[in-house]
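Q: A single structure is presented below for examination.
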2 protein chains.
Amino acid sequence: MYEVEVESVSNNIRPLYQLEESYIIAVDAEGMLLIDQHAAHERILFDKYRKLEQTRAAESQQLLMPETFDLTPAQAAAFDMVAGELEAYGFSLMRLSGRTVAIKAVPADLPASETRNMLAEILETVEADRRGAARDTLRERVAASLACRAAIKVNVPLAPEKMRWLIDRLLTTSSPTTCPHGRPAILRLTTRDIERGFHRP
Amino acid sequence: MYEVEVESVSNNIRPLYQLEESYIIAVDAEGMLLIDQHAAHERILFDKYRKLEQTRAAESQQLLMPETFDLTPAQAAAFDMVAGELEAYGFSLMRLSGRTVAIKAVPADLPASETRNMLAEILETVEADRRGAARDTLRERVAASLACRAAIKVNVPLAPEKMRWLIDRLLTTSSPTTCPHGRPAILRLTTRDIERGFHRP
């Protein structure tokens, strides 16, 4: 079972089955493929967010009632560095008195339940390397964190059409074989590997 | 991808797809399985032949026209040692003048086209270890050679019902995980292996 070179990803991947509601078993002309549904969706969303951010067309969902988020002193410093990036991705945030932030809108795909986790994660990342992350790196980090929080989790059943959609969209991304953190989204087992496994010459 | 312990073979294997008309991709509660259709059928036939031989109930098919087979001097000596075993498995053979053998009937499942190859293979094996193969070993060799020649080859399309049949029958054999030569008939990729492949903790 190997991580896959981008060049070896074909356009005729056929999903067969969703294993453990997490991994898609598929085949193509080279043999068998396994696709991590979360990693694949992360890659799809990451590419989408980067593109929307570049065209300043991020989609927001207004919250019915603004939520508040209390920052620690360290988070407050990080917040000021990253607030612009968060807004570029569809957040609408307002600094209230003290270290409280009001969240008025969040990116369109982000589940409400993930908003706080995502903010905390981003602020922690920014804080950890405040001595140098370039603006572009910061943007990538926000997009990656957002993609991770908004992507389909493992242990979620997918209908066959959704598997098909996921694979088709994944193949149009900038790097179909990896998630934005660099982990594999596709693993391959070639027919040759299988033959070897069965001790066939 | 690992060879499978007999104890870990479950009864709820579900075939999904026949890869390259040779290997069945299947799933069970532990994850994914690959089944070598030839090795699996070899095991099924080997067990069947051993049982029929023990109960003296081997099935024959009469040839419309007896065929003749010319033995080399070395094969002639081997033939005398193994003729009884061949008959026990459904061959009907008659030594003619010189070193010619008439083949009047062959085991029921053996394709006519494989008869000569199988005889040559068996005689070669017997010849190679004539200094000691016990009668029981000889019987096993004949059954293994017969199973190999009669089993479904690779690159043969199987209907879903045939895949189902192959798996169900394999699971009732004395050793579902290996072919009579000891090569694997089933390989496993557990969900845990797949998680590791995707760098999941």
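Q: So if I place +1 on the C-beta of Lys and Arg and -1 on the C-beta of Asp and Glu, and nothing else carries charge, what would the dipole magnitude of region B:1-131 be about its Cα centre? I want it in debye, nearest 20.
A: Charge dipole, region B:1-131, about its Cα centre: 660 debye, nearest 20.
Q: What FRET efficiency comes out for A:Ser60 versus B:Ala29 if R0 is 45 angstrom and r is the Cβ-Cβ distance? Round to the nearest 0.05.
A: The calculated FRET efficiency here is 0.55.
Q: Then there is this: Between copies, how far does the label point of A:Arg200 sit from its twins, in nm, shortest first, when each point is 7 Å from Cα along Cα→Cβ?
A: Result for A:Arg200, in nm, nearest copy first: 2.9.
Q: How would A:Leu110, A:Leu119 line up from fewest to most surrounding beta-carbon atoms within 10 angstrom?
A: Ranking A:Leu110, A:Leu119 by Cβ neighbours within 10 Å, fewest first, gives A:Leu110, A:Leu119.
Q: On a 0 to 90° scale, report how tilted helix A:160-171 is relative to the longest principal axis of chain A, with both axes built from alpha carbons and the result rounded to the nearest 10.
A: Taking the Cα atoms of chain A, the angle to A:160-171 is about 80 degrees.
Q: Also: Sort shortest first the distances from B:Met65 to its counterpart in every other copy, using label points 7 Å along the Cα-to-beta-carbon line, and give them in nm.
A: 9.4
Q: Rounding to the nearest 10 and keeping the result within 0 to 90°, find how far the Cα-based axis of helix A:37-54 lies from the longest principal axis of chain A.
A: Result, in degrees: 50.
Q: Got the A:Asp28 label distances to the other copies yet, label 7 Å along Cα→Cβ, in nm, shortest first?
A: Shortest to longest, the spacings are 3.0 nm.
Q: Rounding to the nearest 10 and keeping the result within 0 to 90°, find how far the Cα-based axis of helix B:115-128 lies from the longest principal axis of chain B.
A: 80
Q: Using only alpha-carbon positions, what ratio does the radius of gyration of the protein assembly as shown give when scaled by 2.2 N^0.38 Å?
A: 1.46
Q: Moving to a separate point now. Measuring from the axis that superposes chain B on chain A, report the chain B residue with the minimal C-beta distance, rounded to whole Å.
A: B:Leu16, 2
Q: Once the dipole of chain B is set up with Lys and Arg at +1 and Asp and Glu at -1 on Cβ about the Cα centre, which of B:Cys148, B:Leu189, B:Gly90 lies farthest towards its positive end?
A: Sorting the options by dipole projection puts first B:Gly90.
Q: Just report the Cα centroid separation between region A:7-80 and region B:143-168, whole Å.
A: Cα centroid of region A:7-80 versus Cα centroid of region B:143-168: 43 Å apart.
Q: So, one more: Looking at the P(r) of region A:1-137, how many percent of alpha-carbon pairs lie beyond 17 Å?
A: Everything past 17 Å amounts to 68 percent.
Q: Next question. Based on the alpha carbons, how large is the Rg to Rh ratio for region A:137-201 when Rh follows Kirkwood?
A: Result for region A:137-201 is an Rg/Rh of 1.11.
Q: Okay, helix-only estimate at 222 nm for the protein assembly as shown: each DSSP H run of n ≥ 4 adds -39500 (n - 2.57), divide by all residues, round to 500 deg cm²/dmol; what do you get?
A: Computed ellipticity for the protein assembly as shown at 222 nm equals -13500 deg cm²/dmol.
Q: Sort B:Phe46, B:Phe198 so that the residue with the fewest other Cβ atoms within 10 Å of its own Cβ comes first and the one with the most comes last.
A: Ranking B:Phe46, B:Phe198 by Cβ neighbours within 10 Å, fewest first, gives B:Phe198, B:Phe46.
Q: Sticking with this structure for a sec: Output needed: percent of Cα pairs per 10 Å distance bin for region A:58-201, bins running from 0 to the one holding the longest distance.
A: Once binned at 10 Å, the Cα pair distances of region A:58-201 give 10, 32, 29, 16, 8, 4, 1, 0.
Q: Just the Kirkwood number for region A:1-51, please: inverse of mean 1/r across all distinct Cα pairs, in Å, one decimal.
A: Radius from the Kirkwood sum: 12.0 Å.
Q: I've got another one for you. Please compute the contact order of region A:1-75 in relative form: average sequence separation of alpha-carbon pairs under 8 Å and at least six residues apart, divided by the residue count, as a percent.
A: 14
Q: Which is the longest stretch in chain B that no exposed loop site breaks, taking sites as trypsin sites (Lys or Arg not before Pro) with a DSSP loop state and at most 10 other Cβ atoms within 10 Å?
A: Longest gap between qualifying sites, sites excluded: B:57-130.
Q: Moving on. Of A:Asp36, B:Asp109, how do they rank once you tally other Cβ atoms within 10 Å and put the fewest first?
A: Placing the least packed residue first, the sequence is B:Asp109, A:Asp36.
Q: Using only alpha carbon pairs under 8 Å that are at least six residues apart, calculate the relative contact order of chain B and give it in whole percent.
A: 36
Q: For region A:62-201, what is the charge dipole size about the Cα centre, in debye to the nearest 20, if Lys and Arg each add +1 at the Cβ and Asp and Glu each add -1 at the Cβ?
A: Charge dipole, region A:62-201, about its Cα centre: 480 debye, nearest 20.
Here, each number is a calculation from the coordinates, and none is a lab measurement. Bear in mind that the values here come from a model prediction, so they are computed numbers and not experimental data. Ideal geometry is used to build each Cβ from the backbone, glycine not excepted, and the neighbour counts take in all protein chains shown.
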